[in-house]
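Bear in mind that the values in this text are calculations on the coordinates, not laboratory data. This one's a predicted model, so the numbers in the text were calculated from it and none came from an experiment. A quick note on method: Cβ atoms are made from the backbone with ideal geometry, for glycine too, and the neighbour counts reach across all protein chains shown.
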Amino acid sequence: LTLGLEGTTAWPAEFAERYRKTGYWVDQTFGEALREWAQRSGEATAVVCGERRWSYRELDQRVDRLAAGLQQLGIQPKQRVVVQLPNCAEWFVVCFALFRVGAIPLMALPAHRLAEIGYFCQHSEAVAYVIADNVGSFDYRSLAAEIKVVAPTLEHVLVVGEAGPFTALAEIDAEPSEFPTLDPAEVALFQLSGGSTGVPKLIARTHDDYLYSVRASAEICELDASSVYLCVLPMAHNFPMSSPGTLGTLAAGGTVVLAPQPSPDVAFPLIAREGVTITGMVPPLALLWLDAAANRKAELTSLKQILVGGASFGADTAHRVQPELGCQLQQVYGMAEGLVNYTRLDDPAELICTTQGRPISPLDEVRIVDDEDKDLPLGELGHLITRGPYTIRGYYRAAEHNQRAFTSDGFYRTGDLARLNAAGYVSVEGRAKDQINRGGEKVAAEEIEQHLLNHPAIHDVALVGLPDRFLGERTCAVIVSNGVNINRREVVQFLRSRGLAEYKLPDRVEIVASLPKTGVGKINKRLLREQLSAGRVPA
Ligand code: J2J
């Protein structure tokens, strides 16, 4: 079963029917949802970005004009558009305008470079690429020039700011007329998988399923018109976008405040100025905030709750949140593929600090299984697999990989090792997938290893995660060389020259004589990690 867009996997009809009957899928597109929110909240402030403040009505009107402009440009329903913007108000206008014309934004991160963006454009056959002119010292227009060379389907590069050789987004403007009628069961957007394979996987999320997760998240986090959400993480990430994130805040009629970066020096004054009530972040950032809050608590008085997720948050640190930041903690364990768990606001402190919450939906099916997919007794540690009303049934254009990533009856294999308690609360305790969680940023080991094997001095390589007090894990490339010397500087330079995002560059490089192997001849990463952590580098 596929959705209208080729290369996608639909929910079987009986599941889709159940999700509609229960009222979870409400048969609405994001374009229609924004219209409804604008009718409801018209003059309320939707988005604050620097000195700019847009009401819901203004946001909706800007979306209409850009959508009409995109239609004039020839953008058609189901066409893919790679969107790579820093945290800025234009991101909403671009994404909702694409929703309104039925084109599909692909949520790229500002950190992505030639390797990633080139692949996204090629694999999705994108017709357009939306960038900012430059952020800090990085000029996205020079990246776009390189992308044009490798992505033959690309027709338009749209730029927020100075367009240079491309088209200024500000010029894509027309009087709104007719927009197409769209099917809410169709793909609304592409999210990106943390991945564990050679190339990143694309996740097609439908209007029905994503809107449900957004609305239900807003409800669970008890958002309303008085909520002010501070977006400190890169806004294209699934977490700050939908858990409950900026979209959940708009769904509740609240105000989204965009932070250009998450450091306390930038975020704390914004919290004080805008009366921020809620934000979401990854554990390393929470640590940074906790330390900074010691003598700056006065700036945080409006803050009611803080969501922490994306990587494991130690119970000791979790216990510091309430007393030191003066707000309620909600742990969140989610994934761009779907399933999201939250601790609830009225849960006992112990549950909030020691578990990652329970699923959004009564129709989320969460199972803990052994290596043979057999269910384990309650409370035991095993593989977490899941299906439900907002969890994908397959990655986009990845038929072969889907055979392994999903069970035959449609459960997504998260690759996480977890246990459940009797109340359905999840504790994430490990990982079976070959991925490194670098403070919430996911690095697929195989992707980096495949790049490194192209280096003439490298004979064999394993990328492993090592414990790190701040990041949780950092990356270490363990290399068997071809007899030629190679050091970290060269490795990093090489990966940069291949156009990889900065967060994927190894934090440490070790040269060894050989890599330990398992009985079947695979690299024994567990042993390697143990040896490296114990300081016994097998040189
Ligand atoms: C341990 N590991 C966690 C947690 C995610 C909300 C929150 C997070 C994400 C996200 C998201 C974890 N403790 N609390 O999309 O909507 C690890 C798991 C998981 C993977 C998913 C959201 N929260 N993780 O992090 O797609 O390994 O989504 O499978 O980036 O992050 O990563 P990602």
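Normalising the average separation of contacting C-alpha pairs (under 8 angstrom, six or more residues apart) by the number of residues puts the relative contact order of the chain at 12 percent.
Our compactness index for the chain, the C-alpha radius of gyration over the empirical 2.2 N^0.38 Å, is 0.95.
Seen from Leu158, the other residues with C-beta closer than 15 Å to its C-beta sum to a net charge of -1, counting Lys and Arg as +1 and Asp and Glu as -1.
Which pairs, out of Lys442/Lys522; Lys21/Lys374; Lys21/Lys442, put more than 24 Å between their alpha-carbon atoms? Working shown, then result.
Working: Lys442/Lys522 22 Å; Lys21/Lys374 30 Å; Lys21/Lys442 36 Å.
Flagged as over cut-off: Lys21/Lys374; Lys21/Lys442.
For Gln28 and Gln322, calculate 0.36 nm times their separation in residues minus their Cα-Cα distance, and state this gained length in nm to one decimal. Show your work: numbers first, answer last.
Working: separation 294, 0.36 × 294 = 105.84 nm, distance 3.77 nm.
My answer for the length gained is 102.1 nm.
At R0 = 56 Å, how high is the FRET efficiency between Asn487 and Ala225 if r is their beta carbon distance? Nearest 0.05 is fine. List each step's numbers first, then the result.
Details: r = 56 Å, r/R0 = 1.00.
Calculated transfer efficiency: 0.50.
Please sort through the DSSP H helices of the chain and keep those with an alpha-carbon extent of at least 24 Å along the long axis and a Kyte-Doolittle average not below -1.0. Present the calculation step by step, with values, prior to reporting the outcome.
Values: long enough: 56-73 (25 Å, -0.73).
For the chain, where a helix must reach 24 Å along its axis and average at least -1.0, the hits are 56-73.
In this simple spin-label model, placing a label point 7 Å from the Cα along the Cα-to-Cβ direction at both Arg536 and His459 gives a separation of 2.3 nm.
Taking only the Cα atoms of region 29-183, the ratio Rg/Rh comes out at 0.96, with Rh defined as the Kirkwood radius. Across region 436-533, Cα pairs under 8 Å and at least six residues apart give a relative contact order of 27 percent.
Please give the calculated 222 nm ellipticity per residue for the chain, where each DSSP H segment of at least 4 residues contributes -39500 (n - 2.57) and the sum is spread over every residue; nearest 500 deg cm²/dmol? Kindly include the intermediate steps, with their values, before the conclusion.
Numbers: 17 runs with 173 residues, N = 539.
When only DSSP H runs of four or more count, the value is -9500 deg cm²/dmol.
Quick one: net charge of Val187's neighbours, Cβ under 11 Å, K/R +1, D/E -1? List each step's numbers first, then the result.
Working: positive: Lys78, Arg80, Arg205; negative: Glu6, Asp183, Glu186, Asp208, Asp209.
In short, -2.
Of all DSSP beta bridges located in region 436-533, what percent are antiparallel, nearest 5? Intermediate values should be presented prior to the final figure.
Values: 14 of 19 bridges.
If we restrict to bridges inside region 436-533, about 75 percent are antiparallel.
Once both labels are positioned 7 Å from their Cα atoms along Cα-to-Cβ, the gap between Gln122 and Lys21 label points is 4.6 nm.
Taking every DSSP beta bridge that has both residues in the chain, what percent is antiparallel when rounded to the nearest 5? Provide the component values of the computation, followed by the final result.
Working: 48 of 87 bridges.
If we restrict to bridges inside the chain, about 55 percent are antiparallel.
FRET efficiency for the Ala145 to Arg52 pair, using the beta carbon distance and R₀ = 30 Å, is estimated at 0.55.
Look at the alpha carbon pairs under 8 Å that are at least 6 residues apart: their mean separation over the length of region 215-431 gives a relative contact order of 14 percent.
Of the GluC sites (Glu not before Pro) found in region 488-520, none is in coil by DSSP with at most 10 other Cβ atoms within 10 Å of its Cβ.
Near the amide H of Ser481, within less than 5 Å, lie the amide hydrogens of His459, Val512, all on another chain or at least 5 residues away, with H placed in the peptide plane.
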